[in-house]
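Visitor: Have a look at the structure that comes next, please.
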Amino acid sequence: MVDLSTILIVIGSTLFLVVPWLAGELLIRGIRIAARIGRLSPGLTRSINRGIRALAISIGLFGVVSYTGLASQFTVLTVTGLVGLAITLSLQLTFQNVLSGIFLVIDKTIRVNDVIQIGDIKGRVVRVGLRNTLIRTEEGDIAIIGNSNLMSGPFVNFTASQRFSD
């Protein structure tokens, strides 16, 4: 026979999994609508959606583990903190590039088909991605530039110069 405490644990655990998932899905729908209105790139939208889903799953699992008493809060918090620190340190450059990519897209600093020069590299922007930007040089080669390089260093956008002068 199943007692009341077991039923409550199952219901609570289910809620800890379902509520973050639903919140994440609602947020993802909002981002999809904003992406259509703001014309965000599909790659950026997909990456943001994946991050939201991973966060929702993590919150749900953390809630279940804490609620059911499978591990003490101190242990869970310690492990979560150490894992988060390790991930953050190992992905620091990636995070810089991703944040820079988001700012490049939102600010529309560069767009596809803009002609830009960064350092010795001059060419037409082929793609503005989440982590990097692809530039077809005048020689026909593809240069891959990390978005943090575009945000931190000076570069010239010849096409934007024409947009601002009109």
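Visitor: Taking ARG124, is it modelled with pLDDT of 85 or more and farther than 22 Å from GLY38 by Cα? Write out each step before concluding.
Guide: Working: modelled with pLDDT of 85 or more: yes; farther than 22 Å from GLY38 by Cα: yes.
Considered against the rule, which asks whether it is modelled with pLDDT of 85 or more and farther than 22 Å from GLY38 by Cα, ARG124 comes out as yes.
Visitor: Could you give me the residue pairs with C-beta distances under 7 Å whose first residue belongs to the range 62-89 and is assigned by TED's automatic domain parsing to the domain that holds ILE9 and at pLDDT 75 or above, whose second residue is among the polar types (S, T, N, Q) and outside any loop (DSSP other than H, G, I, E, B) wherever it lies, and which are 6+ apart or on separate chains?
Guide: Going by the 7 Å Cβ cut-off, the qualifying pairs are PHE62/THR80; VAL64/SER13; SER66/GLN73; TYR67/SER13; THR68/SER13.
Visitor: Could you go through the range 45-63 and let me know if any residue there is assigned to a helix (DSSP H, G or I), of a type in the set (A, V, I, L, M) and loosely packed, with under 12 Cβ neighbours inside 10 Å.
Guide: Taking the range 45-63 as the starting set, the residues that turn out to be assigned to a helix (DSSP H, G or I) are 45-63.
With the extra rule that they be of a type in the set (A, V, I, L, M), the set shrinks to 48, 52, 54-57, 59, 61.
If we keep only those that are loosely packed, with under 12 Cβ neighbours inside 10 Å too, we end up with 54.
Checked against the condition, which is being assigned to a helix (DSSP H, G or I), of a type in the set (A, V, I, L, M) and loosely packed, with under 12 Cβ neighbours inside 10 Å, the range 45-63 yields at least one hit.
Visitor: Mind checking which residues of the range 90-143 are more than 18 Å from PRO154 (Cβ to Cβ) and exposed (fewer than 13 other Cβ atoms within 10 Å of the Cβ)?
Guide: Answer for the range 90-143, where residues must be more than 18 Å from PRO154 (Cβ to Cβ) and exposed (fewer than 13 other Cβ atoms within 10 Å of the Cβ): SER90, LEU91, GLN92, LEU93, ILE106, VAL112, ASN113, GLU138, GLU139, GLY140, ASP141, ILE142.
Visitor: Hey, another quick one. Does the range 1-40 hold any residues that are outside any helix (DSSP H, G or I) and exposed (fewer than 11 other Cβ atoms within 10 Å of the Cβ), and which are they?
Guide: Going residue by residue through the range 1-40, those that are outside any helix (DSSP H, G or I) are 1-3, 39-40.
Across the range 1-40, the qualifying residues are MET1, VAL2, ASP3, ARG39.
Visitor: Against the condition assigned to a helix (DSSP H, G or I), within 20 Å of the chain's Cα centre (by Cα) and touching a residue at least 40 places away in the same chain (Cβ under 8 Å), how does SER148 come out, does it pass? Break it down into steps so the answer makes sense when it comes.
Guide: Numbers: assigned to a helix (DSSP H, G or I): yes; within 20 Å of the chain's Cα centre (by Cα): yes; touching a residue at least 40 places away in the same chain (Cβ under 8 Å): yes.
Judged against the criteria, SER148 is a match.
The values are calculated or read from the model by the stated rules, or taken from the named source; none is laboratory data. If you're wondering where the values come from, they're calculated on a predicted model, not measured in any experiment. Quick reminder, even Gly has a Cβ in these numbers, built from the backbone with ideal geometry, and neighbours come from all protein chains shown.
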